[in-house]
Structures are given as structure tokens and as C-alpha cells.
1. Which residues, taken from region 116-151, are at pLDDT below 95 and either within 17 Å of residue 30 (Cβ to Cβ) or assigned to a helix (DSSP H, G or I) (or both)?
2. Check off (1) in a helix (DSSP H, G or I); (2) over 30 Å from residue 16 (Cα atoms) for residue 238 and give me the number that stays unchecked.
3. Considering only residues of region 187-204 that are in contact with a Pro (Cβ under 9 Å, 6 or more places away or on another chain) and not hydrophobic (A, V, I, L, M, F, W, C), which is nearest to residue 240 (Cα to Cα)?
4. Count, please, the residues in region 2-58 that happen to be among the basic types (Lys, Arg), modelled with pLDDT of 90 or more and over 29 Å from residue 184 (Cα atoms).
5. In the list 196, 187, which residue meets the criterion of being in contact with a helix residue (DSSP H, G or I) (Cβ under 9 Å, 6 or more places away or on another chain), assigned by TED's automatic domain parsing to the domain that holds residue 263 and not in a loop (DSSP other than H, G, I, E, B)?
6. Return the residues of region 218-227 that are modelled with pLDDT of 80 or more and either acidic (Asp, Glu) or surrounded by fewer than 20 Cβ atoms within 10 Å (Cβ to Cβ) (or both); say none if nothing qualifies.
Amino acid sequence: MSDAPYYLPLGNEVEIFQAAYAQRLPLLLKGPTGCGKTRFVEYMSWMIEQERNNNQQDQSNAQHLITVACQEDLTAADLVGRYLLIDGETRWSDGPLTRAARNGSICYLDEVVEARKDTTVIIHALTDHRRLLPIDRTGELLEAHPNFLLIISYNPGYQSALKDLKPSTRQRFVSIEFDYPTREREAEIIMAESGADEELANRLSVIGEKIRNLKEHGFEEGVSTRLLVYTASLTAQGLDARTAAEHAITQAITDDPIVHQSVSDIIDAILPATS
């Protein structure tokens, strides 16, 4: 049995996922960058895989989780599939969404609003009672496997009005909202992920909290828990904490000199200087 991906529940998201999965209801995860959405999907996929294996319900070699990092050049063909020239022959090749629907995997479309608008339309028939995927190029109307589940995510605070989910898409999903953890929970995550001691983890979680309060400077995104873990991990490799924070936090989150200085001031005030 493989080890579970580390995930610390912050609310009732596990119970909501389990209830939705039992009915195969599609899920929408929304929240800021680096707050744990992708890790949550990995964790829940692992739980489902273990349950199927324990009950001997899954004898296939199909991937249990297929993740697609959406971006502006992502087309419908990238998700559904296309004809390819293989060994001198033209053959159909399923895309990730088709493979998931055919084999009963979880398909996770990360930052779905980054994809082209015409791309998201193809998921509509998979997200209601029909659970169908029309493959226009082959003429196949694929009925999704009973175990198939579609999950999408996006960051509402980051998207512009031109890159937002249409109501016709949003209202097809059960929604779970994520946010950054509390200071105490974040310190616990940092320790578990990096092996940092409690003092450093607590200081980093305070830094995270204070940087996220810089909204008056027009800095809306904040710092992700992921970057705080990176800082602790660099420190574990022998870098002093301020140097680690400079490269994993300050330089990673902004190029604005004013915000850069504000973040550096926070770090200098909270992390002790090395002698």
C-alpha cells in the first residue's frame, strides 16, 4: 500500500468530497494559489484508490487521477483527443479527459479558466445526469465509466472578469471553497512537510499571515503555504532562514520594488539574523 499524500483537513472538505463522490457529482474547488487544492485532490484520490483495492473492486491498471494543468493554449482536442500518425498509420489517441471518462479515473482540470472558452463547453454533458462525452471527430458518444469523476479548480481572486467561470458552467458543480490555514494549522503543515522545528514553523506562519495582510499595497495574492514550506526546506539544507525566505518568498511572489521592500521588512522583523 502506497503512503498517503500529506493533507491536513481544515474544515469539512473531506466529508463533502466523499458525499459528492458517492453520487458522482462534479466538484469545483476555488481558492488562492498554493492553499492546498491540488494536494487535497491527490489525498482524496489516494483514499478512493485504497478503498477500491481493499474491497477488490479495481483490477485495472488505469490511472486513478489524471491532472491537466490548464493554460490559454489548451484546446478541446488536447482534452478529448486527436488523430496521430503512428508507424505510418493514422490512429485515434484519447486525450486525458477521454481516458478518464473511459477508464473510470478522476480527471482534475487545474485552473480551468485559463483554458480557452470553447474548451470548457465540452465538459457540460459530463456534468449532468447524462455523463456523456461527445467525440465529434470519431462520432463516438462516450458514456462515462461509473467511477469517473470530474473536478475543476480556479482562483477567483486572481482572475479578471474576462477569465471567470460562466454561470452555465459554475452551476453544474458542487463547490468547495478553500483558503489559507490559520497560523497554528499552517505551522503544523510546515513542520510535517519540511521537518522544520516548531519555532521556525511558527515564525514562517506569522510571516505568511502578515504578508497576506498587505492588501493596502495592492498585493492581493499573498504568499502560498507551499512557499513557506520551501523556505523551511531550504533552511533544512543549511541556508540561513533569511536567505531562504528571500529566495523562496520575496523574490518568488513579487517584482514590485515597494511590495518587495514591505515583504523584506516583515521577514527581517520576524526571522532572527544569523551571527
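1. Answer for region 116-151, where residues must be at pLDDT below 95 and either within 17 Å of residue 30 (Cβ to Cβ) or assigned to a helix (DSSP H, G or I) (or both): 117, 118, 119, 120, 121, 122, 123, 124, 125, 126, 127.
2. Only one criterion is unmet by residue 238, namely (1).
3. Top of the filtered list is 203.
4. Our first condition is that a residue be among the basic types (Lys, Arg); within region 2-58, this holds for 24, 30, 37, 39, 52.
Right, trim to modelled with pLDDT of 90 or more and you get 24, 30, 37, 39.
Subset that is over 29 Å from residue 184 (Cα atoms): 24.
Residues that pass the stated criteria total 1.
5. Working: 196 fails: not in a loop (DSSP other than H, G, I, E, B).
Going through 196, 187 in turn, just one is in contact with a helix residue (DSSP H, G or I) (Cβ under 9 Å, 6 or more places away or on another chain), assigned by TED's automatic domain parsing to the domain that holds residue 263 and not in a loop (DSSP other than H, G, I, E, B): 187.
6. Across region 218-227, the qualifying residue is only 226.
Conditions (1) within 20 Å of residue 31 (Cβ to Cβ); (2) crowded, with 20+ Cβ neighbours inside 10 Å, marked per residue:
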position: 191; (1), (2): no, no
position: 198; (1), (2): no, no
position: 201; (1), (2): no, yes
position: 205; (1), (2): yes, yes
position: 211; (1), (2): yes, yes
position: 229; (1), (2): yes, yes
position: 232; (1), (2): no, yes
position: 248; (1), (2): no, yes
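The values are calculated or read from the model by the stated rules, or taken from the named source; none is laboratory data. All of these numbers come straight from a predicted model, not from anything done at the bench. Methodologically, a virtual Cβ is constructed for each residue, glycine included, from the backbone with ideal geometry; neighbour enumeration extends over all protein chains shown.
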